[in-house]
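Right, one structure below, let's go through it.
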Amino acid sequence: MKRREVLGLGITAGMLASCQSLRLPGTGGRSAKNHHLEIWWSEGYYPEETDAIESIVSAWEKQSGKKVDLKFFSENEISARSQSAIDGSATPDVLYGYGGSEITIPALSHRGRIVPLDDIIAPIKTDLLPGVVDSITRQRREGGPRAIYGAPLSQHATNIHFWRDLLEEATGQPGASMVPRDWKGFWKFWSDCQASLRQKGYPDVFAMALPMSSQARDTSHVFEFFLEAHGVQLISQSGQLEIDQPKTRQGIMDALSDYTSLYKENSVPPQATRWSDADNNINFLSSLSLMTANPTLSIPGSQLSDEIAYFERLGSIEWPHRLDGQPMRSITFVNQAVVFQGPNVKEAKSFLSYLLKPENLSAYVQGAQGRFLPVNKQIIEMPYWRNPKDQHLRTAIANLRSQRKSNSVLNSAYSEVLKKNIWGYAVESIASGSAPLEKATDKAIGDIKDVFKSWG
Amino acid sequence: MNPKITASTFYRASIACLAAAGLFSLAYYLLATKPLTNQAFARQHQILRTNQKIIDNWWDDEIVTIHSDLNNPEIISRSLLILQARRQSRSTFTSPLSTGLRDELNGSLQNRNSVSLLTRGGIVVFSTARQKLGMYQPLKNTTTSLELHELQTTPLNFFTDSESGLPSISVALPINDQEKIRRGFLAIDLNLNRLNSLIRVVPGPQSHGQRFQPPVHAYLAARTTLEHVTHIAPPNSQAHSAIKPHHFEPLNSVGIQRALEGQSGQGLYLDPKSRPTVGVYEYLPTFRTALLVESLQRDVYMPARRQSRIIFASGVLISVTLSLAGFLVSRRPKEPHVSV
């Protein structure tokens with residue numbers, strides 16, 4: 001071999017070696033030599049959440065003798081990083097973000113980027129509240145029995161809140177016992193209250209702060225309850241899309257008509273077709289609407305430090321019964337932490353097992369100040385969650401009595417439907433009058449079928 | 001006349017003169033712009049420093065006023081009564097308590113759009129601005145909640161007011177009762193329009209001694225969202241209330257981008273209207289805002305352009321004269337050859 005060739009080979013080898021040590025982006029995972037456990041965590045709304053996770057991590061470090069690199073990110077940033085992880089970018093060992101359970105975790109499991117956690121969840125299955133295990137069990141990428149891909153930390157459903165003082169102003173009676181429990185009567189009641197408030201000198205107060213826009217993911221969350229009320233089953237228990245059936249199409253059309261009619265009859269603020277996720281909270285909390293429906297308990301959570309607003313002015317109420325008279329089944333989402341494929345899977349699982357112990361998890365979930373509900377039977381019986389004065393928590397817990405699996409659990413492809421906010425687009429186009437009901441329904445159905453086809 | 005000087009000699013000289021004039025004028029322009037750029041930078045830095053001082057003084061004045069308000073027993077006692085009273089969905093704008101508090105605060109409204117009282121949950125129970133009553137003003141992200149001693153050092157959040165659609169900065173300071181229990185917040189919505197009018201120095205073309213002074217435009221820009229950068233107040237001194245959000249056109253330039261990344265510096269770049277500009281920029285951390293002082297290149301380089309035009313015009317004049325001379329020589333009747 002000539003000297004020049006030897007030199008060339010040497011340089012090439014050197015470059016290859018440096019590429020490996022630099023861990024080029026897109027290769028995913030970390031060097032096996034790096035023993036630090038890398039955790040990416042949503043920074044949370046309240047300092048208590050951050051403090052709780054920091055002290056849990058610190059305690060686990062002492063117990064295990066391992067080092068943890070804990071990084072906090074805003075919810076937007078962690079969603080963006082989760083999305084990049086789906087596309088193959090570098091990943092941590094453990095990741096937790098609020099929005100992950102419904103959108104990114106199904107995609108991460110579908111792409112095989114995260115590992116099943118059945119081994120750490122199996123021993124605590126009986127400690128979890130009903131419905132939690134169902135909400136975290138997904139189809140395996142390679143087929144076979146379904147697997148658990150996330151460690152359940154907390155859960156949330158969509159809740160209904162109202163202003164007690166405005167309601168009293170409208171009806172002349174204290175309390176909410178006069179609110180009808182049947183579906184049609186329930187929504188008509190709030191519209192009637194608006195008319196009454198207008199007569200009593202509240203010209204700018206609307207009945208319902210319901211999101212009607214494609215910008216707000218909340219539109220899909222709330223609309224799914226209308227689908228449930230109309231008995232629409234989009235996906236079978238075996239995960240098959242059933243959207244092609246005439247009965248399903250008619251049900252979707254009825255639900256869309258039902259939801260958007262509230263806007264068309266001026267019971268919803270006109271700006272609702274342009275709202276982002278925060279805007280229905282702001283509109284409602286500004287007393288510009290009498291009631292609202294909102295995923296999570298962030299609305300009462302924002303008033304927790306003001307006893308007058310939290311305990312006296314704000315009210316929460318259970319969902320009305322479905323059109324068939326049966327109790328509404330809540331669609332719950334479980335906030336989950338996931339473990340990525342990589343050299344530290346064993347340590348990552350050990351950390352999550354430690355976090356899931358009730359004494360640790362309770363501090364973390366309580367740190368969110370009631371924004372999310374516990375997933376653990378022992379924690380939910382603690383005095384904080386059973387405060388008899390706190391009707392927001394009581395109602396939210398009552399909403400969990402009857403629940404069904406979310407569609408993204410039945411089939412991971414549905415996470416793409418939520419991500420694309422297909423229902424949001426359909427609702428907005430009907431409410432704003434840019435598309436007739438039938439056309440918007442068929443477009444939504446077509447878009448959903450396309451998503452499922454692309455997921456295979 | 002020298003028999004060797006012919007018409008073509010004049011024509012050649014004319015062309016050479018024209019080429020030389022072109023080259024000289026270009027060279028002059030290129031050489032003269034550098035000192036003009038430096039002069040412009042020096043003047044802009046001076047204006048920038050002056051503006052910074054104006055902004056610092058404006059904020060210092062406001063801090064003194066806030067201190068004074070929060071140490072005014074009348075303001076605090078009325079505020080506590082309003083915050084602890086039983087609330088309805090809409091507090092009354094004209095109640096004696098509210099009117100009294102408004103009277104106390106009206107004297108210090110110069111740098112403020114409004115002053116409000118917020119519950120601990122961020123609901124407005126009193127305001128000098130009627131339209132804010134009952135509204136929800138989150139105490140995070142939009143409003144900057146801080147303690148009195150943090151006013152001087154804490155960067156303030158810049159955001160778009162959902163009610164007015166205007167870029168805003170609001171600070172909220174806790175109001176505690178005698179037992180040091182937090183009862184609510186005094187929220188101050190700063191008058192950015194006034195700040196903007198203080199710093200917008202736009203002198204017209206003028207001579208300062210022997211030196212030409214190009215017009216200078218100073219302005220403040222900030223991010224209202226991750227992607228949207230705009231003026232901090234309505235441009236062109238338009239009435240505050242008449243401005244709709246969509247009038248706040250997005251702003252973008254190398255200077256704005258660098259300043260909002262926290263850099264200070266100077267450069268030649270395109271301004272937000274894509275006009276070649278000479279500008280200096282500075283990041284103001286307190287307001288998370290970019291302060292820019294800019295002049296259009298066409299104004300800055302006007303003396304060089306004028307001088308190089310004179311050089312070129314002189315060359316053209318000489319060239320034409322030479323061409324004319326060549327023409328006259330070519331038309332001169334030839335002398336008959338006399339042979340002896």
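Looking at this structure, is residue A:299 more than 14 Å from every other protein chain (Cβ to nearest Cβ), over 14 Å from residue A:426 (Cβ atoms) and touching a Phe, Trp or Tyr at 6+ places or on another chain (Cβ under 7 Å)?
no
All but one of (1) assigned to a helix (DSSP H, G or I); (2) polar (S, T, N, Q); (3) within 14 Å of chain B (Cβ to nearest Cβ) hold for residue A:287; which doesn't?
(1)
Please verify whether residue A:146 is surrounded by fewer than 21 Cβ atoms within 10 Å (Cβ to Cβ) and within 14 Å of another protein chain (Cβ to nearest Cβ), treating the condition exactly as stated.
Values: surrounded by fewer than 21 Cβ atoms within 10 Å (Cβ to Cβ): yes; within 14 Å of another protein chain (Cβ to nearest Cβ): no.
Considered against the rule, which asks whether it is surrounded by fewer than 21 Cβ atoms within 10 Å (Cβ to Cβ) and within 14 Å of another protein chain (Cβ to nearest Cβ), residue A:146 comes out as no.
Residue A:351 - would you say it is among the aromatic types (Phe, Trp, Tyr) and modelled with pLDDT of 95 or more?
Judged against the criteria, residue A:351 is a match.
What number of residues within the stretch B:67-80 satisfy the criterion of being over 14 Å from residue B:187 (Cβ atoms) and away from chain A (no Cβ under 14 Å)?
Result for the stretch B:67-80: 9.
Which residue out of A:234, A:227, A:210, A:256 is touching an Asp or Glu at 6+ places or on another chain (Cβ under 7 Å), at pLDDT 95 or above and not aromatic (Phe, Trp, Tyr)?
A:234
When both residues are 6+ apart or on different chains and their Cβ atoms are under 8 Å apart, which pairs have a first residue that lies in the stretch A:239-250 and is free of Cβ contacts under 8 Å to residues at least 12 places away in the same chain, and a second that is in a helix (DSSP H, G or I) and surrounded by 16 or more Cβ atoms within 10 Å (Cβ to Cβ)?
Within 8 Å, the pairs are A:242/A:248.
I'm trying to understand the selection: among the residues of the stretch A:387-417, which are within 12 Å of residue A:331 (Cα to Cα) and among the basic types (Lys, Arg)?
A:401, A:404, A:405
Would you point out which residue out of A:289, A:330, A:362, A:353 is surrounded by 23 or more Cβ atoms within 10 Å (Cβ to Cβ) and within 30 Å of residue A:123 (Cβ to Cβ)?
Exactly one of A:289, A:330, A:362, A:353 is surrounded by 23 or more Cβ atoms within 10 Å (Cβ to Cβ) and within 30 Å of residue A:123 (Cβ to Cβ), namely A:330.
Inspect all residues belonging to the stretch B:265-283 and state whether any of them is in contact with a Phe, Trp or Tyr (Cβ under 8 Å, 6 or more places away or on another chain), over 19 Å from residue B:37 (Cβ atoms) and surrounded by 21 or more Cβ atoms within 10 Å (Cβ to Cβ).
No, there is no match, as no residue in the stretch B:265-283 is in contact with a Phe, Trp or Tyr (Cβ under 8 Å, 6 or more places away or on another chain), over 19 Å from residue B:37 (Cβ atoms) and surrounded by 21 or more Cβ atoms within 10 Å (Cβ to Cβ).
Just name the residue that is nearest to the other protein chains (Cβ to nearest Cβ) out of those in the stretch A:302-344 that are in a strand (DSSP E or B) and over 16 Å from the mean Cα position of the chain (by Cα). Break it down stepwise before answering.
Narrowing the stretch A:302-344 to residues in a strand (DSSP E or B): A:314-317, A:330-331, A:333-340.
Restricting the remaining residues to those that are over 16 Å from the mean Cα position of the chain (by Cα) gives A:314-317, A:339-340.
Values: A:314: 9, A:315: 12, A:316: 15, A:317: 17, A:339: 30, A:340: 27 Å.
Selected residue: A:314.
Of all the residues that make up the stretch A:260-271, how many are within 14 Å of chain B (Cβ to nearest Cβ) and either in a helix (DSSP H, G or I) or under 14 Å from residue A:226 (Cβ atoms) (or both)?
Of the stretch A:260-271, the ones within 14 Å of chain B (Cβ to nearest Cβ) are A:269, A:271.
With the extra rule that they be either in a helix (DSSP H, G or I) or under 14 Å from residue A:226 (Cβ atoms) (or both), the set shrinks to A:271.
Qualifying residue count, the stretch A:260-271: 1.
Looking at the stretch B:308-330 only, could you name the residues that are of a type outside the set (A, V, I, L, M) and farther than 15 Å from residue B:9 by Cβ?
B:308, B:309, B:312, B:314, B:315
Please go through the stretch A:394-435 and pick out each residue that is outside any loop (DSSP other than H, G, I, E, B), modelled with pLDDT under 95 and touching a Phe, Trp or Tyr at 6+ places or on another chain (Cβ under 6 Å).
Matches in the stretch A:394-435: A:407, A:408.
Taking the condition among the aliphatic types (A, V, I, L, M), within 23 Å of residue A:212 (Cβ to Cβ) and either part of a helix (DSSP H, G or I) or at pLDDT 95 or above (or both), does residue A:293 pass? Explain how you work it out, then say what you get.
Numbers: among the aliphatic types (A, V, I, L, M): yes; within 23 Å of residue A:212 (Cβ to Cβ): yes; either part of a helix (DSSP H, G or I) or at pLDDT 95 or above (or both): yes.
Taking the combined requirement at face value, the residue satisfies it.
Could we say that residue B:98 is closer than 16 Å to residue B:192 by Cα, away from chain A (no Cβ under 14 Å) and hydroxyl-bearing (Ser, Thr, Tyr) here?
So residue B:98 does not fit the description; no.
Here's the yes/no breakdown for (1) surrounded by fewer than 13 Cβ atoms within 10 Å (Cβ to Cβ); (2) more than 30 Å from residue B:315 (Cα to Cα); (3) without any contact (Cβ under 8 Å) to a residue 40 or more places away in the chain; (4) of a type in the set (Ser, Thr, Tyr):
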residue: B:19; (1), (2), (3), (4): yes, no, yes, no
residue: B:41; (1), (2), (3), (4): no, yes, no, no
residue: B:45; (1), (2), (3), (4): no, yes, no, no
residue: B:53; (1), (2), (3), (4): yes, yes, yes, no
residue: B:57; (1), (2), (3), (4): yes, yes, yes, no
residue: B:60; (1), (2), (3), (4): yes, yes, yes, no
residue: B:64; (1), (2), (3), (4): yes, yes, yes, no
residue: B:71; (1), (2), (3), (4): yes, yes, yes, no
residue: B:104; (1), (2), (3), (4): no, yes, yes, no
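Considering the stretch B:165-181 alone, what residues qualify as being of a type in the set (Val, Ile, Thr), over 20 Å from the mean Cα position of the chain (by Cα) and not in a strand (DSSP E or B)?
Scanning the stretch B:165-181 gives a single hit, B:181.
Only residues in the stretch B:199-227 that are modelled with pLDDT under 75 count as the first member; pair them with residues that are in a strand (DSSP E or B) and among the polar types (S, T, N, Q), Cβ under 8 angstrom, at least 6 apart or cross-chain, and list the lot.
B:203/B:213; B:205/B:213; B:206/B:213; B:207/B:213; B:225/B:160
So which residues in the stretch A:289-308 are under 23 Å from residue A:276 (Cβ atoms) and free of Cβ contacts under 8 Å to residues at least 60 places away in the same chain?
Scanning the stretch A:289-308 gives A:302, A:303.
The values are calculated or read from the model by the stated rules, or taken from the named source; none is laboratory data. Computed from a predicted model, the values in this text were never measured in an experiment. In this analysis, Cβ positions are derived from the backbone assuming ideal geometry, glycine residues included, and neighbour counts consider all displayed protein chains.
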